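Structure first, then comments.
The values are calculated or read from the model by the stated rules, or taken from the named source; none is laboratory data. The model shown is predicted, which means the values in this text are computed figures rather than measured ones. Because the Cβ atoms are built from the backbone with ideal geometry, glycine has one as well, and the counts that use them run over all protein chains shown. The protein model used for the area step is the full one, side chains on, heavy atoms only, and it has no ligands, DNA or RNA in it. Shrake-Rupley method; radii C 1.70, N 1.55, O 1.52, S 1.80 Å.
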Amino acid sequence: MTSTFPDISISTDRLVLRPFEEADVPALTEMMADDQITAWMAAPVPFTEAEARNLVTRRAPARRTSGDGIVFAVTELLTQRLVGLVELRDTDWRVLSAHAAYATASWARGEGYASESLAAVAQWLFQDQKFERLEIRTAADNTAAQQVAQKLGCISEGVLRNAWIARTRTENWGSARPEAQGGWAEIRTDLIVWSLLPEDLDGAFDQFAETGDYAHYPSWPQRH
C-alpha cells in the first residue's frame, strides 16, 4: 500500500501553508507567469488560468493521494495573500526522503518567505513524518534559489552536469507583429544538489531566531 502525507496546514508567525483552493487560481496564475519562475521552473509557458486551475483541482491533490508528495500554498497569515508555493515530490517511502521545490511571487521576494516556509516544511517532515532526508536541486545560475538552500542549512553535495533545461528570454526581431516580439528559448544547464538531514536543521533555526525571520510553527492542525 502506498503511503501518503496527511491533508494538513502548517503555520509560522507570518505564514500559513495549506492545500490550494480554487479561490487561489487568479493569484497562482499571476505568480507563475513571472519571468523568474518561468526561467527556472518546468511550468507550462504561457501559464494560463486553465493551467492554474488544473494544478489546484487535479495535479496537487493527485500528488498527495498518489504518495508522490504534497503541495502547499504559502499565504501571509495576516492578509491571506498567496506569496508562494512549496512542494515535495519524488517521495521514497522506504528511504524516507523527498525532493523539495519552491516559488515566491515577485511582490513578496526579499522578505525571507521561501526560507521560512521551507524550514517549516522541513521541521514537519523530520519531526512529525520521521523522514531522514530532504533534497533540493537548483540550476547552476539560479543564485536566489541557492541562497535559500544555504540559509536553510542545506549541504551542497555535488553537481549533476547538463541535467536541467532552463529558459532565457529571446527577441524575435524579424516579426512584424508586436505581440510576437520576445519569447523563450530553452537552454541546458547543470543542477546543484543540496541535502538537508534532521541534524542539519538545528543550526538553521538558531540563525532564523537571531535574524527574527522565523519562529517554530505552533501546530499541525488536521484538515477535515
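A compact table of results
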| item | result |
| --- | --- |
| Apportionment of accessible area to carbon and sulfur, region 42-146, percent (1.4 Å) | 46 |
| Net +/- balance of residues flanking Ala42 in space, Cβ distance below 14 Å, scoring K and R +1, D and E -1 | +1 |
| Residue-normalised accessible area of region 1-61, expressed per residue, 1.4 Å probe, Å² | 50 |
| Cut-off 13 Å between beta-carbons: net charge of the residues surrounding Ala105, Lys and Arg +1, Asp and Glu -1 | -4 |
| Solvent-accessible surface ranking, highest first, for Val25, Val45 at 1.4 angstrom | Val45, Val25 |
| Listed residues Trp124, Trp184 arranged by accessible area, highest first, probe 1.4 Å | Trp184, Trp124 |
| Cα-based convex hull volume of region 1-158 per residue, rounded to whole Å³ | 114 |
